[in-house]
Amino acid sequence: MEMKKRISLELRNRNPAEVAELVVDNCRSSDGEVEGLTDEYTGLEMLSMVNVGLSSLSKLPSLPKLRKLEVSDNTISGGLDSLAEKCPNLTYLNLSGNKIKELSSIKVLQNLKNLKSLDLYSCEVTSLEDYRESVFELLPQLTYLDGYDQEDNEVPDSEDDNGEADDDEAGPPGDDDDDDEEEEEEDDDEEGSEGDEDEVGLSYLMKEGIQDEEDDGDYVEEEEEDEEEEEDGDEDGVRGEKRKRDAEDEGDDDDDDDDE
């Protein structure tokens, strides 16, 4: 699809000034220049034209609010001098996979005073001796080159592709550490509470078990006492019956004597 048609489709009946992000990757530029993009896109902050056949950025319109420009995997070899005039607020530029061979080709980026991050992956210039040191010296405003700073520290996750901290996520120094410590303390408290609950529960169960055993013992003792009482009662009954019979026998003997 031609770049001009693709940009028209991405507009989606909106006013060009209302568009903040525009992605037209993998379409085709008929002459190696930017097509279909005009000065009307005054609110554009991010523009991605990856693998569209660009060989020059000379026809890039004025985009005063543009902060991020993705033009990797094209055939750009120079002509970057117009960027400072047309995109003065650019903070991130990705030129990876282009035909940048010499440091002189990127020297003009010195005029991009707000440029913080530059990517030149897979460009021939990266094979030069002392490439990283030379680029940081040539462009002192840079913080990151190919995703790393001068001390080889990788771009933090909390920073966006523009090379600036995300205001929504970033807070005062030390806040993250304090939050981590608070979370660890909460976890420890929860674990301690769970451990106490387990101990209390175990103690309760053990106490219940002991009480049950004692209750069972009392119950057995009560049964034994009841049985003994029943046996004693039976014996008393037998003795009573025997006394009764003896008394009757004695009465019969007395009657016999009287008859005689």
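Taking amide H positions as modeled 1.01 Å from N, with prolines and chain starts lacking one, the residues under 5 Å from E2 and 5 or more places away or on another chain are R28. Packing order of peptides 31-38, 117-124, highest average first: 117-124, 31-38 (average count of other Cβ atoms within 10 Å over each peptide's residues).
How much of the accessible area of segment 88-131, in percent, comes from carbon and sulfur atoms when a 1.4 Å probe is used? The nonpolar share, carbon plus sulfur, comes to 42 percent. Multiplying the residue separation of S82 and A20 by 0.36 nm and removing their Cα-Cα distance gives an extension gain of 20.2 nm. Measuring r between the beta carbons of S122 and N153 and using R0 = 22 Å, the FRET efficiency lands at 0.50. Relative to a virtual label point 7 Å from the Cα of E102 in the Cα→beta-carbon direction, which members of segment 56-96 show backbone nitrogen distances below 12 Å? Counting only backbone N, you get 78-79. Contact order, relative form, for segment 6-139: 17 percent (alpha carbon pairs under 8 Å, 6 or more residues apart, mean separation divided by residue count).
The values are calculated or read from the model by the stated rules, or taken from the named source; none is laboratory data. Given the structure is predicted, the values throughout are model-derived calculations rather than measurements. Using ideal geometry, Cβ is built from the backbone for each residue, glycine included, and neighbour counts are taken over all protein chains shown. Calculation scope for accessible area: heavy atoms of the full protein, side chains included, ligands and nucleic acids excluded. Shrake-Rupley method; radii C 1.70, N 1.55, O 1.52, S 1.80 Å.
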